[in-house]
Amino acid sequence: MFPQLSAVDSVVERGNRRRNPIDVGSCNSAEWESLEREHRAFAFLARQCKTLPATSCIADAVCASSTDNYPFESIVNTLERGDRVGPRASYWSSKGQKDHTVPETLVYKLDADFCLITEINVQPFQAFFQTGDPIYAAKSVRFRVGRPKSPSPVDISHQEAIQRNISTDTSEEFPMAQPVDILHQEAPEDRFIWTWTSQEFPMAQENRLQKFKLPKPILCFGGIVQIELLGRVQRQEMDGLFYICVSHVEVIGGRLFPGFDIEILEPSGKIVLKYFPNLSPIRIRHRRAQPFLIPRLPLLGGGLMQGPRRAFGRMPHIFRLIRQQDESDDPGSQQHEPEPT
């Protein structure tokens, strides 16, 4: 079903209270236990992938290869449905180019590091405020999934500052609390490792949400999706340059978290698949009401437009707290390697 699973180096199981004891006197006990653990994990993963409800998986916008009029035409606008927010136009615009073959890219962070993706939807922008209502669609699109390279502490603090829309630069030129969004303006391609690339899909020159269903569902390890916009069609009348504009993007699929999580081993890129058989969606709904989560709820707040996305971004953190409590309460989660025979 998923060739991407060839990157899985090992499977770790946590919290299985119904495991049968292994005969440690057998010379094959360690291998047998490993096979049973992998069988349980992959069987449950296959079942999850077939039954996950389709939903939008984007947590936030990361960066664009170029932005024409920042911040009014930022990639962040593509997270809002439609092409308007109230009376204001809502879209991302590339910078203008004389060469119509120059591509553009948009990069997004999913709301879990381990997701199943089935389709990606893109809506080109129609400039209703320009003569003739031109549509700035690309000729075709291509998609990539992957992961960020191991971030340094500086990268993490910078990203957190961007989420708060507050500058970390204290120089006179950039005083504290000045709004910044450096990563949303530029796409540092060397910060990502792409593990899968799609075919090219032709894009219609129409102002509608165009759905690009993938030939087969794709597993995304690392939670990063890139949309590559290939070829420019529309030239702007006022400057004679070619532009690409997008009003809305959706990545459709399902989050395999919290039943599964991953750890990426650098520099090999091999993956440790972590399996939590006792962490079901029903249990999550029950545990969310417990008191230890209540003091953290104010952290989910944000601005009028940023709030829902920031809330989704913190859900993996909440699920990890639930896991930690599960494992501390469950003696079966304290696994030990068998003694050598």
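Quick notes
- Counted by Cβ distance under 13 Å from Arg235, the other residues give a net charge of -1, where Lys and Arg count +1 and Asp and Glu count -1.
- Against the compact-protein benchmark of 2.2 N^0.38 Å, the Cα-based radius of gyration of segment 35-76 scales to 2.13.
- Translational diffusion coefficient (Stokes-Einstein; Kirkwood radius from C-alpha pairs) of segment 45-129 at 37 °C, 0.692 mPa s, in µm²/s: 218 µm²/s
- J(HN,Hα) series, segment 40-55, from Karplus relation 6.51 cos²θ - 1.76 cosθ + 1.60, nearest Hz, glycine and proline x: 4, 5, 6, 5, 5, 5, 4, 5, 4, 5, 7, 10, 5, x, 6, 8
- Proximity of backbone amide H atoms, modeled 1.01 Å from N, is registered between Ile193 and Arg147, Lys149 at under 5 Å, excluding neighbours fewer than 5 places apart on the same chain.
- Highest-first packing order for the peptide set 248-257, 195-204 is 248-257, 195-204, based on the mean count of other beta carbon atoms within 10 Å.
- Comparing Cα centroids, segment 231-245 and segment 26-94 end up 30 angstrom apart.
- Distance between modelled label sites at Ser6 and Gln205, nm, 7 Å Cα→Cβ extension: 4.1 nm
- Test item: Cα-centred dipole of segment 26-82, Lys/Arg +1 and Asp/Glu -1 on Cβ, debye: 320 debye
- Theoretical FRET efficiency, 1/(1+(r/R0)^6), r = Cβ-Cβ of Lys149 and Arg47, R0 35 Å, to 0.05: 0.60
Every number in this text was worked out from the coordinates using simple rules, so none of it is lab data. Model, not experiment: these values are computed from the prediction. Here Cβ is always computed from backbone atoms with ideal geometry, including for glycine, and neighbour counts include all displayed protein chains.
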